[in-house]
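Reading through the structure tokens given below for one structure.
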Amino acid sequence: MKYTRRKFITTLGAGSALLMLPAIPTFSEPLFSGDKKLGVALVGLGNYATHELAPALQKTSRCYLSGIVTGTLAKAQKWKDQYNIPDKNIYNYQNFDRIADNKSIDVVYVVLPNSMHREFVIRAAKAGKHVFCEKPMALSSKECEEMIAACKKAGVRLFVGYRLHSDPFHKAAMKFRTEGDSGVIYVQSEFGFKIGDPTQWRLKKALAGGGAMMDVGIYAIQAARYCIGKEPISVTAQEYKTGYKKFAEVDETITWQMQFPGGHVSNSSTSYSVPLNNLYISTERRWFNLMPAFNYAGIKGSTNRGELNLPEVNQQAVQMDTFSKCIFDNTESDASGEEGLKDLKVIEAIYKAAKSGTKTKV
Ligand code: NAD
């Protein structure tokens, strides 16, 4: 299939979005060698895969849904019919390693509970497949390092599903510090929601690795890091609990502060009890605010100069096309395994700081 300008613009939803995506070549250049699209197999057909990733894969230009890996027979049948997936591209968790022999699957996208990311990323790498892995990349920085090493050894690429790196509003937030006076001095980032079903895996430490912090606090860490453009040196943190039974195994609400080189600071919160959804950046004379900040759609923004008028994109489709382009062109990504590792190191420092009550080095 030829990759046309029209198709490209349609994929993004609006032509003006082009201005917000730096790593995209001009139209006179080939976007990648040949007309091939990467075949993506989704592993774990839960909410995110079903309601976001599979529909997004119908809108991508450089990759397509070619296979599925599921432990549920009924889901396999439903997806097969809905997306026209051939039997030979349908796997379960046991026979997954046979994917090594399947030439129509280039990428494995791991969308399982957090505790299963490490195992399936390493198995995918051993099968010679590139990997997209959902956030948080793993339960610990040690696991992240093992996953990065396995992908390097196998010569495959590893990306983390940081969808907001593909969102025009967040690209504007990343650029804000470079566009005026002395640079960002303060970031406030908060993401939380009221979690339902008390029996779900997100509330089980063995499966989730932690609570709100691992699930959505990671976005607030990410935002502070990419708005300030530096790595935090130390953190302080405070944990609060109201639901001792529901949150017996994992964190419910945490507030934390990160100290960055050059005196920049961030103040963040995450919660499984309180809806929070805000990103505020301040310099000496300018400010930038997104609210809601972290949703799939409907992000709204303003600055000291007025309302932000930016196009809405399908974050997941742009994300997967961007990762695919990095694979085709062999270029770096700002959502690599190394980026996932950095966040896990920060999370570990935050948990340590909350427990000890003292400032902790990252
Ligand atoms: P989900 O509970 O809806 O789906 C999990 C899937 O894993 C299901 O298909 C389930 O059958 C399967 N599974 C296999 N073994 C399991 C086990 N032992 N326990 C529970 N489920 C098991 O979860 P989800 O919301 O789709 O999240 C999956 C991953 O995607 C998580 O890592 C999550 O953090 C991530 N996620 C990312 C975003 C994003 O915006 N990037 C959004 C939602 C979820």
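The values are calculated or read from the model by the stated rules, or taken from the named source; none is laboratory data. The model shown is predicted, which means the values in this text are computed figures rather than measured ones. As a convention, Cβ positions derive from the backbone with ideal geometry for all residues, glycine included, and neighbour counts pool all protein chains shown.
Taking the listed residues Thr242, Thr253, Thr236, the one that is in contact with a Lys or Arg (Cβ under 6 Å, 6 or more places away or on another chain) and either more than 30 Å from Thr178 (Cα to Cα) or in contact (Cβ under 8 Å) with a residue 40 or more places away in the chain (or both) is Thr236, with no other qualifying. Checked against (1) within 15 Å of the ligand (Cβ to nearest atom); (2) surrounded by fewer than 20 Cβ atoms within 10 Å (Cβ to Cβ); (3) within 25 Å of Ala297 (Cα to Cα), Tyr83 passes all but a single condition, namely (1). Just to be sure before I move on: is Gly337 at pLDDT 95 or above and surrounded by fewer than 23 Cβ atoms within 10 Å (Cβ to Cβ) in the structure I sent? In short, no. Scanning the stretch 94-107 for residues that are in contact with a Phe, Trp or Tyr (Cβ under 8 Å, 6 or more places away or on another chain) and within 14 Å of the ligand (Cβ to nearest atom) returns a single hit, Phe96. Annotation: of all residues in the stretch 145-164 being surrounded by 19 or more Cβ atoms within 10 Å (Cβ to Cβ), away from the ligand (no atom under 16 Å from the Cβ) and not charged (D, E, K, R), the one that is farthest from Asn304 (Cα to Cα) is Ala150.
Selection of helices (runs of 4 or more DSSP H) fully inside the stretch 166-256 by the criterion of at least 2 residues being in contact with a helix residue (DSSP H, G or I) (Cβ under 9 Å, 6 or more places away or on another chain) and within 14 Å of the ligand (Cβ to nearest atom) returns 205-208, 218-228. Considering the stretch 113-144, and only residues there that are surrounded by fewer than 22 Cβ atoms within 10 Å (Cβ to Cβ) and of a type in the set (Gly, Ala, Ser), the residue that is farthest from His165 (Cα to Cα) turns out to be Ala127. Among the residues of the stretch 243-292, those identified as within 19 Å of Tyr186 (Cβ to Cβ), of a type in the set (A, V, I, L, M, F, W, C) and surrounded by fewer than 18 Cβ atoms within 10 Å (Cβ to Cβ) are Val265, Trp287, Met291. Just a yes or no: is a residue in the stretch 291-304 in a loop (DSSP other than H, G, I, E, B), more than 22 Å from the chain's Cα centre (by Cα) and modelled with pLDDT of 95 or more? For the stretch 291-304, residues in a loop (DSSP other than H, G, I, E, B), more than 22 Å from the chain's Cα centre (by Cα) and modelled with pLDDT of 95 or more: present. Is there a residue being assigned to a helix (DSSP H, G or I), more than 15 Å from the ligand (Cβ to nearest atom) and among the polar types (S, T, N, Q) anywhere in the stretch 308-328? Yes - at least one qualifying residue is present in the stretch 308-328. Looking only at the stretch 165-209, residues that are loosely packed, with under 13 Cβ neighbours inside 10 Å, at pLDDT 95 or above and of a type in the set (Ser, Thr, Tyr) come to 1 in all. Checking each residue in the stretch 321-349 for being more than 30 Å from Ile233 (Cβ to Cβ) and among the basic types (Lys, Arg) picks out only Lys325. Checked against the criterion of being within 21 Å of Pro136 (Cβ to Cβ) and hydrophobic (A, V, I, L, M, F, W, C), the candidates Met258, Met291 yield just one match: Met258. If you filter the stretch 257-279 down to residues that are hydrophobic (A, V, I, L, M, F, W, C) and outside any strand (DSSP E or B), you find that the one that is farthest from Cys227 (Cα to Cα) is Val274.
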